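Note sheet for the following structure.
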Amino acid sequence: MAGAALHPRATLTLDYLCAVLERASLITNEQRRETVARGDVMHARLLRQRATGPRKRGASVGDGVHPAEVIVAMGLGQGGDERFPLTERAVMQALAQHVGVPFVDLDPLKIDAKLAPKLLSRPFARRHGALIIAADDRTVTVAVSDPLDHSLIDDLQTHVRREPRLVVSTPTEIQRLITDFYGFRGAVDAAEQQASGGVDIGNLERYVKLNRVEEIEASDSHVVAAVEYLLHYALDQRASDVHIEPRREHSAVRMRIDGVLHNVHTLPKVVHAAVVSRVKTLARLDIAEKRRPQDGRIKTARGDREVEMRVSTIAVAFGEKLVLRIFDPGALLRDLPDVGLFEAQLQIADRFLGRHHGLILVTGPTGSGKTTTLYGALRQLATPEVNVVTIEDPIEIVVEAFNQVSVQPKIGFGFAEALRHVLRQDPDVIMVGEVRDAETAAIALQSALTGHMVLATLHTNDASSAITRLLELDVDPFVLASTLVGVIAQRLVRTVCPTCRVETFLTADQMTLLGLDVHELRAQGQSPELMVAFGEGCVQCRSTGLLGRTGVFEILEIDDKIRKLVIGKASSKEILKQARHDGLMTLREAAIKKLAKGVTSFEEVLRVTTEN
């Protein structure tokens, strides 16, 4: 409204927006003239890319391409400096400031997805580039890409019968959320209407309802659309897991992003079974079996690469819960230098992998990034001259360079049995997904002893505990000492968001919690202050201050001193003491080093590490 009042006759054209940007020193006069001259050509090109129909001369927002998108497509540098590309966000911020309307970054996890479809039609939202993001009894807050749209205010008052308050957001984000909110919510509402004619499915009545639910799942395009919207949304948000959870009155959809679960959607209870069964159909699971847990996989395309999803179902109190675990090759398949190792640690790991035989252990709890590290190591080893075989439960992601074997305990084909058969396949490098029992441990050690390189995982807290865990499985200490090359323990820490990153100093109490002695540092002539970074919170990191994750590692190299301790069945504390004397960097120390480099936060260091 403020924009319309300040500019009663202005309309948002390419020329107008370029003038705003030049006044804000975001583009030069030369850039402005070149952009206006080439604007029609770029506008036509964008229209062809979107296949939205023929271009009209002088077309503006309503024709599908926003002037800001045309400007950004030109690839301009801010103020003529190509090192700082002009972004859509910067363009819209300048426009918002010029017309006196607040600019807002849209966070889909903070917006009620039901609100906009309930108050405005999708054609209206598309035509005006407007999305309702908040409402009360008297007002509605509307994110717009054109604050100079004169007809919008009157149309909004007619449709919602409340006082509209405009905020400016980027056109790309508004259109994307219109697709997500209207598409997903519209599909769910339509599915609810079609499914609501039946009897509510409770635990005792579910068998009676099966056939009707199957008919809905097999033919209902609304459920199909809802599931597709949900999967696309999860991939857009970089979710690693999607939880579809039945509750007493509704179904909750939650997504794990950077290790933290977020509430995303709620589904009507009557739609839950149809959505779950649709996912089960995609994963080739038995949609009629709702009592026993099931596991399956879905493979889909994401741009120019494939994405795999692992599907797991289990019966809970109010129905069948489904979890999709998403494996994005871009995140999972990293080279070893990219997983977070310090340079000195990377050199030690390279020495491990340079051996022609022996056992390398990777340890850590579930979700600590062991698979990513192992795949990075295997990709380094996998050459045309090397036969790499993996034994996994299940196969995390298919890699053509490996020969991947999935264990099947139901038919008696476990890790030990698989390892026996793999040894007959002329392997050079063997990866054992997990050493769970004495038999697997013994065969793995024997394989390493007879000239194979074996990589395996264990669930232990640190590197030294992995040795004692194997000794507890009654492996021969002499064989272990002669075959074990090294142990890599790891955790994942969330990294500080670069958008809202600020620097500060740790307090004395915080340094004490990290095990740093302030008085000793002063006595040694070192600064007792440690500069670190943290995120204040923004829309990119969903107000957490953290965005993305990296690994923290503890690498134990087996030398003669450690071998003597292994043969003597020393405790993990004795092994750790000797290793630290020889220069081992513990998980806590590695995390503190990343903290000092501004990579992660103080809270993350405390969360993922324990004092050794």
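The values are calculated or read from the model by the stated rules, or taken from the named source; none is laboratory data. Every value quoted in this text rests on a predicted model; they were computed, and no experiment measured them. Every residue, glycine among them, receives a Cβ derived from its backbone with ideal geometry; neighbour counts consider all protein chains shown.
Computed quantities for the displayed model
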read-out	value
Index of the failed condition, Thr468 passing every other in (1) under 25 Å from Gly259 (Cβ atoms); (2) buried (at least 17 other Cβ atoms within 10 Å of the Cβ)	(1)
Selection within segment 464-507 - in a strand (DSSP E or B) and more than 28 Å from Val388 (Cβ to Cβ)	Val493, Arg494, Thr495, Val496, Arg501, Val502, Glu503, Thr504, Phe505
Count of residues meeting criterion [surrounded by 15 or more Cβ atoms within 10 Å (Cβ to Cβ) and more than 23 Å from Pro268 (Cβ to Cβ)] in segment 106-123	2
Segment 348-390, residues that are surrounded by fewer than 17 Cβ atoms within 10 Å (Cβ to Cβ) and small (Gly, Ala, Ser)	Gly354, Gly367
Selection from segment 260-316 of residues that are touching a Gly at 6+ places or on another chain (Cβ under 7 Å) and either of a type in the set (S, T, N, Q) or within 26 Å of Gly551 (Cβ to Cβ) (or both)	Arg305
Where Ala377 falls short, out of the listed (1) touching a strand residue (DSSP E or B) at 6+ places or on another chain (Cβ under 8 Å); (2) among the small types (Gly, Ala, Ser); (3) over 26 Å from Val339 (Cβ atoms)	(3)
Set Val91, Val101: member being farther than 28 Å from His262 by Cβ, surrounded by 14 or more Cβ atoms within 10 Å (Cβ to Cβ), touching a residue at least 60 places away in the same chain (Cβ under 8 Å) and within 30 Å of the chain's Cα centre (by Cα)	Val91
Condition check for Thr313: in a strand (DSSP E or B), closer than 26 Å to His243 by Cα and touching an Asp or Glu at 6+ places or on another chain (Cβ under 8 Å)	yes
Only listed residue being under 22 Å from Phe184 (Cα atoms), of a type in the set (Asp, Glu) and at pLDDT 85 or above, chosen from Asp105, Asp112	Asp105
Test: Ala116 is small (Gly, Ala, Ser), touching a residue at least 12 places away in the same chain (Cβ under 8 Å) and in contact with a strand residue (DSSP E or B) (Cβ under 6 Å, 6 or more places away or on another chain)	yes
Test result for Val271, crowded, with 19+ Cβ neighbours inside 10 Å, at pLDDT below 90 and not hydroxyl-bearing (Ser, Thr, Tyr)	yes
Check on Ile314, outside the structural domain of Val432 (by TED's automatic domain parsing), more than 23 Å from Val388 (Cα to Cα) and out of contact with any Pro (no Cβ under 6 Å at 6 or more places or on another chain)	no
Of all residues in segment 558-612 being of a type in the set (S, T, N, Q) and surrounded by 14 or more Cβ atoms within 10 Å (Cβ to Cβ), the one that is nearest to Gln510 (Cα to Cα)	Ser601
From Tyr207, Tyr229, residue being part of a helix (DSSP H, G or I), modelled with pLDDT of 80 or more and in the same structural domain as Val307 (by TED's automatic domain parsing)	Tyr229
Identity of the residue in segment 324-347, at pLDDT 90 or above, of a type in the set (A, V, I, L, M, F, W, C) and surrounded by fewer than 17 Cβ atoms within 10 Å (Cβ to Cβ), that ends up farthest from Asp236 (Cα to Cα)	Ala344
Matching residues, segment 460-476, being farther than 14 Å from Ser572 by Cβ and not β-branched (Val, Ile, Thr)	Leu473, Asp474, Asp476
Enumeration of residues in segment 271-284 that are outside any helix (DSSP H, G or I) and closer than 17 Å to His243 by Cα	Ala283
Sole residue being modelled with pLDDT of 85 or more and in contact with a helix residue (DSSP H, G or I) (Cβ under 6 Å, 6 or more places away or on another chain), chosen from Val242, Val253	Val242
Hits in segment 380-400 - residues which are among the charged types (D, E, K, R), within 24 Å of the chain's Cα centre (by Cα) and either closer than 23 Å to Ala416 by Cα or at pLDDT 85 or above (or both)	Glu392, Asp393, Glu396
Number of positions in segment 502-538 that are under 20 Å from Arg607 (Cα atoms), at pLDDT 85 or above and among the aliphatic types (A, V, I, L, M)	3
